[in-house]
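Visitor: Would you mind keeping the following structure in view while I ask a few things?
The values are calculated or read from the model by the stated rules, or taken from the named source; none is laboratory data. Just so we're clear, the structure is a prediction, and the values are computed from it rather than from any experiment. Here Cβ is always computed from backbone atoms with ideal geometry, including for glycine, and neighbour counts include all displayed protein chains. In case anyone asks, the SASA skips ligands and DNA or RNA and just uses the protein heavy atoms, side chains included. Shrake-Rupley method; radii C 1.70, N 1.55, O 1.52, S 1.80 Å.
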Amino acid sequence: MKVAVLRFPGSNCDADALHALRRDVGVDADYVWQTDTSLDGFDAVWVPGGFSYGDYLRCGAMAARAPIMSTVRDFAGRGGLVIGACNGFQVLCESGLLPGALVRNVKQRFICQNVVLEPATQRGPWMAGVNRTITLPIAHGEGRFVCSPETLKELQDNDQIAFRYASENVNGSTEAIAGVMNATGNVLGLMPHPERATRDLVGGTDGLLLLQALKMVRTG
Amino acid sequence: MGAITPDLYLSMGLTHEEYRLLTEQMGREPRMTELGMISVMWSEHCGYKYSRPVLAYFAEYKKAIEGEGLENAGVVPIGDGLGVVLKVESHNHPSAVEPYQGAATGVGGIIRDIFTMGARPVALLNSLRFGSITPGQEDGATVARNRHLLEHVVAGIAGYGNCVGVPTVAGEVNFHPRYSGNPLVNAMCVGLVKTDEVASASAKGTGNPVIYLGSATGRDGIHGASFASVEMDEEGEDKRPNVQIGDPFAEKSLIEATLEALQTGAIVGIQDMGAAGLTCSITEMSAKGGVGMVVDLDKVPLRDPSMTGYEIMLSESQERMLAVSHPGREQEVIEVFQKWGLPAVVIGHVTDDGWVRITRHGHTEVDMPADIFTDGCPTYYQTPVEPAAFLQRQAWNPDDLMAPDLNQAWLTLMSHPDVASKENIYRQYDHQVQAHTALVPGVGDAAVIAPEGTSKGLATKIDGNARWTMADPFAGGQLATAEVCRNLACVGARPVALTDGLNFGNPQRPEVFWQFERAVRGIADASEVFRVPVVSGNVSFYNETKYADGSTLEILPTPMMGAVGVLERAEQRIGMGVGAGNYRLALVRPTGTEYVQQGLGASLYAWSVCGNEDGVPCRPDLDAEIALQQWLPSLVERGLLAAAHDVTDGGLAVTLAEMAMASDRGLMVVLNSAVTEGLSRADAVAFGEHPGWVVFAYATESEQEVLASCPGALAVYPVGEMTATQDVVLHLDELGTTLTQTVDKLRAAYQRAGIL
């Protein structure tokens, strides 16, 4: 298993993801620069958190149009594993790989704290191993998940809701949604940071319960 | 621009004598651009003309100015081939005028000081002071304005720090009416560098290309450094064009591009363009390297091509660097910056004659020796004058204080904005980016990070107490230094380096200069005794407001001490709370303490509960402080401590309350006569501010081992235990008094202050 950690100007969780994958998850990982167009040799894609292009337009909107994202779209279309955390989730929504959008937190403030997440399903490669609530850090100003009533119904009907905020709906997301998947379940986006919770020393190890998915998948 | 008149140079902040000195050094009248550049380089902000003689009290500073020159911050080796750098910097005046941008660019500036040395910024801290935010303490409009400043300063720090990807791990904020009109915003950054990869800030090598890196230059911040070097007046808002605008996205790219470009080995020297922008970087890099530079301003990336040479040289546009590369290798640097979407242009070359020659549209704008800008700056030693009030303060007698209901006083202290929960502030900061924060805000006496590439932990904290410094500046300097080191020890770290943020009023006033001189002496003294060097710092003078009626309000003298300490193993760090299990509590204090004014002079309790701001604080026992700095980490390394917390603002009762809240359980402490000997008042035991007091928790079975190892300079007393109840009880045997609260009540008070 080799994970491509994308890097855009303004990404700031790219190194965290790379280190967590190599050191704690125990898989191979390397950076892929935003202007590259190949994912040859990679088995999964990590779209990292941060402020790609400063998030000066809508969060993730510029990065969604970077050359590498066309390749990621093809990769996902072929069933490849893709995960986006925080700004990565925003990029995936902006690039059409995931439904819905992420807007300003209901309290209008950036929030950095731990949250308890309830898995809403165990469908698909990402969620199969997540059999209990997990605690992960969040750090975002624009993490309120919103979507149309039709999209919400689709998400529910297709079992695409991955995580809900369990204790408090910290950012005011629709249906307390913290993470969603595409219809086929190979693309996951979530606002919390699993890469910040892979060792006891820092943030606990609940992130590993999710990221172990990367070791379960047959590669080739 | 017209001819140079006295009115012109006076308006730029130069005195007649300084102008005369300049023309004498130059042998002629300066050109307009030369005068503008000199006015910023000779401002206090850049030239340190009032502070240099006093800063020479710091051994490292003295060594640096006599030796290789001042780099942006000193590098302290911590083993594993790594060095730590740290620096604090003020952005007070910009933040008073435009709080969001002022604070944001303060963060940006201090981060650049760190990565320009080749270090990766790994932690941010901040130390803030505002006027009162409590209704009734000042008039309504002032309180509202102070709240506005607090809210927007915090938003600015969050907006910049969160985007740039450096965790904001610790800080402090205090409130006092004396900061209304002139808030203090000091930002600190900690960086890590491989000791064999430290970048130089000297220009070297005749003919070497000089490269401009980063954002284009605009008209923002022209004369910002001079602005920082005068008092604020009620017209301060007119200075808004002097405030720079930050772009944290550009800064993030600049960090990555700079560190990547340094890895190529093509860079000879590099410096950020902070205060005074191109002026500072060109003249300082030249002076440091003993070389000159030829620079063509037509090549500088500009936001507006109509900018004059004067405007380009004086702009303080943010997120810019200046580098000198090896000959023929400039393209390697340029390519890295282009990859990150940043301008990178050769604008000149290094010469061997020590002169700076700058042209715009083919006309000479500057043609003079580099060292006039730096070494030519005069220094002044004001004669310090001890104010009469200082002696009166020492004569203060705490018997004048009426002791109120102690249980109520306890809650009042918990809800005082200086003590109360800062959660609404630090929740707005990303304190976990870089995924290495091993002790987050609110959990311990200092933050701890566990950086990639080492098993060591770095503890860091910034601290200062202006109430104490106002009362006794020498004690204030010592106390701030002792407290920040004690905080590191409380999480298990051994202090290795200090940085000082020195915020004072107008140094031309002998009493202010006295405050400054005494405080610096106190810091230097403590630093020397502790053998923890002050490796960097910042001086901010003229922190006062002039009112239309001619009156002036100057801030409390406010030295802020930042520090970094090392834990051999990051995972051993401890906080101030314990989990489930049986834990006993011990109180440690210096042996044979002599209490000055019962520890109540200039205390938060005397001020906020009794309405008395008189008296002086106890000076710290520096030998006991060192013993503490060594003993606590040694206990932590042996796995014997579960939690530790020092006694400071609000005294022992506040310390115990915070330990109980962090543990989410009650505790019972009984102090017998041996512990309280010398203290004759119950409020002096509960709320007195006794330097060197620490409470720690340990597993019941390790009691023998813990107590037996106590060094001679310290006395340790088992005083109680964490309980299974929710009651927090402090019983004073000798004085026949018991203070009791529940964890919930304390927490309600702690969270009631409504900070944001």
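Visitor: Over the stretch A:2-216, what is the percentage of antiparallel beta bridges among all DSSP beta bridges, to the nearest 5?
Guide: 55 percent
Visitor: What lysines sit close enough to B:K546 to cross-link, taking a C-alpha to C-alpha distance under 17 Å and skipping anything fewer than 8 places away on the same chain?
Guide: Filter leaves B:K239.
Visitor: I'd like the trypsin sites (Lys or Arg not before Pro) in the stretch A:1-85 restricted to DSSP loop residues with at most 16 other Cβ atoms within 10 Å, sorted by number.
Guide: Answer by residue number: A:R58, A:R78.
Visitor: When the Cα centres of the stretch B:685-705 and the stretch B:483-559 are compared, how far apart do they sit, in Å?
Guide: Each part's Cα centre sits 29 Å from the other's.
Visitor: Continuing with this model, one more query. About the Cα centre, and with charges only on the beta carbon of Lys, Arg (+1) and Asp, Glu (-1), how big is the dipole of the stretch A:2-216? Nearest 20 debye, please.
Guide: The dipole of the stretch A:2-216 has a size of about 260 debye.
Visitor: Hey, what D do you get for the stretch B:484-561 in µm²/s if you plug the Kirkwood alpha-carbon radius into Stokes-Einstein at 10 °C and 1.306 mPa s?
Guide: Translational diffusion coefficient: 114 µm²/s.
Visitor: Work out which residues of the stretch A:181-218 lose at minimum 20 square angstrom of accessible surface when the other protein chains are put back, relative to the chain isolated, with a 1.4 angstrom probe, and list them by number.
Guide: At a threshold of 20 Å² (probe 1.4 Å), the residues of the stretch A:181-218 that become less exposed are A:R196, A:R199, A:L201, A:V202.
Visitor: Then there's this: Apply the Debye scattering formula to the stretch B:401-555, with a single equal point scatterer on each alpha-carbon and no solvent, then give log10 I(q)/I(0) at q = 0.09, 0.10, 0.20, 0.21 Å⁻¹.
Guide: Normalising to I(0) and taking log10 leaves -0.41, -0.50, -1.26, -1.29.
Visitor: For a quick check, take a GNM of chain A with Cα springs below 10 Å and name the residue from A:G54, A:G100, A:G189 with the largest mean-square fluctuation.
Guide: A:G54
Visitor: Per residue of chain B, what 222 nm ellipticity follows from adding -39500 (n - 2.57) for every DSSP H run with n ≥ 4, rounded to the nearest 500?
Guide: Helix-only estimate at 222 nm: -10000 deg cm²/dmol.
Visitor: Taking both sides together, what accessible area is buried at the B/A interface, probe 1.4 Å, expressed in Å² and rounded to the nearest 100?
Guide: 2400 Å²
Visitor: Using alpha carbon centroids, what distance separates the stretch A:171-220 and the stretch B:4-24, in Å?
Guide: The stretch A:171-220 and the stretch B:4-24 have Cα centres spaced 64 Å from each other.
Visitor: In addition: Out of all DSSP beta bridges with both ends in chain B, state the antiparallel percent to the nearest 5.
Guide: Just about 80 percent of them are antiparallel.
Visitor: Tell me the Kirkwood radius of the stretch B:417-477: reciprocal of the mean inverse pair distance over distinct alpha-carbon atoms, in Å.
Guide: About 13.8 Å for the stretch B:417-477.
Visitor: Please list, in order, the residues from the stretch B:584-602 whose amide nitrogen is less than 20 Å from a point placed 7 Å along the Cα→Cβ vector of B:E705.
Guide: Only B:584-588 fall inside the zone, counting backbone N under 20 Å.
Visitor: If amide H atoms are built 1.01 Å from N in the plane of the peptide, which residues on other chains or at least 5 residues away come under 5 Å of the amide H of B:S540?
Guide: Residues meeting the amide H criterion: B:L502, B:N503, B:F504.
Visitor: Can I ask one more? With θ taken as phi - 60° and the coefficients 6.51, -1.76 and 1.60, list the Karplus ³J(HN,Hα) couplings across the stretch B:449-455 in order, rounded to whole Hz; mark glycine and proline as x.
Guide: Taking θ as phi minus 60°, the curve returns 10, 10, x, 4, x, 7, 8 Hz for the stretch B:449-455.
Visitor: Kindly provide the helix-only [θ] at 222 nm of chain A, computed as the sum of -39,500 (n - 2.57) over DSSP H runs of four or more divided by all residues, to the nearest 500 deg cm²/dmol?
Guide: Rounded to the nearest 500, it is -5500 deg cm²/dmol.
Visitor: Using a 1.4 angstrom probe on heavy atoms only, work out the carbon and sulfur share of the accessible area of the stretch B:467-580 in %.
Guide: 45 percent
Visitor: Another question about this same structure. Rg (Å, one decimal) plus Dmax (Å, integer) for the alpha carbons of the protein assembly as shown?
Guide: Rg then Dmax for the protein assembly as shown, in Å: 28.4, 85.
Visitor: Right, something else. Once the mean 1/r over all distinct Cα pairs of chain B is inverted, what Kirkwood radius in angstroms do you read off?
Guide: 26.5 Å
Visitor: On to the next question. Return one whole number: the accessible area per residue of the stretch A:2-216 in Å², for a 1.4 Å probe.
Guide: In whole numbers, the stretch A:2-216 has 35 Å² accessible per residue.
Visitor: Share of antiparallel DSSP beta bridges in the protein assembly as shown, in percent to the nearest 5?
Guide: If we restrict to bridges inside the protein assembly as shown, about 75 percent are antiparallel.
Visitor: Here's a follow-up. Gap in Å between the Cα centre of the stretch B:389-435 and the Cα centre of the stretch B:136-193?
Guide: Cα centroid of the stretch B:136-193 versus Cα centroid of the stretch B:389-435: 17 Å apart.
Visitor: What is the P(r) of the stretch A:2-216, as percent of Cα-Cα pairs per 10 Å bin from 0?
Guide: Calculated P(r), rounded to whole percents: 9, 39, 40, 11, 0.
Visitor: Another question, then. Please express the Cα-Cα pair-distance distribution P(r) of the stretch B:293-356 as a list of whole percents, one per 5 Å bin, running from 0 to the bin with the greatest distance.
Guide: 3, 14, 24, 25, 19, 12, 2, 0
Visitor: Moving to a separate point now. Could you list, in their original order, any pairs among A:K153/B:K252; B:K49/B:K194; A:K2/B:K194; B:K204/B:K299; B:K49/B:K299; B:K288/B:K422 whose Cα atoms are separated by more than 31 Å?
Guide: With Cα atoms farther than 31 Å apart: A:K153/B:K252; B:K49/B:K194; B:K49/B:K299; B:K288/B:K422.
Visitor: I'd like the carbon and sulfur percentage of the solvent accessible area for the stretch A:2-216, probe radius 1.4 Å, heavy atoms only, ligands and nucleic acids excluded.
Guide: The computed percentage sits at 48.
Visitor: Taking only protein heavy atoms into account and a 1.4 Å probe, give the accessible area per residue of chain B in Å².
Guide: 32 Å²
Visitor: To continue, here is another question. Ordered by residue, what ³J(HN,Hα) values in Hz, to whole numbers, does the stretch B:515-524 give under the Karplus form 6.51 cos²θ - 1.76 cosθ + 1.60, where θ = phi - 60° and Gly and Pro are x?
Guide: Result, rounded to whole Hz: 4, 5, 4, 5, 5, 5, 4, x, 5, 4.
Visitor: Checking the a/c ratio against 1.5 first, then a/b against b/c, what shape does the Cα gyration tensor give for the stretch A:4-80?
Guide: oblate
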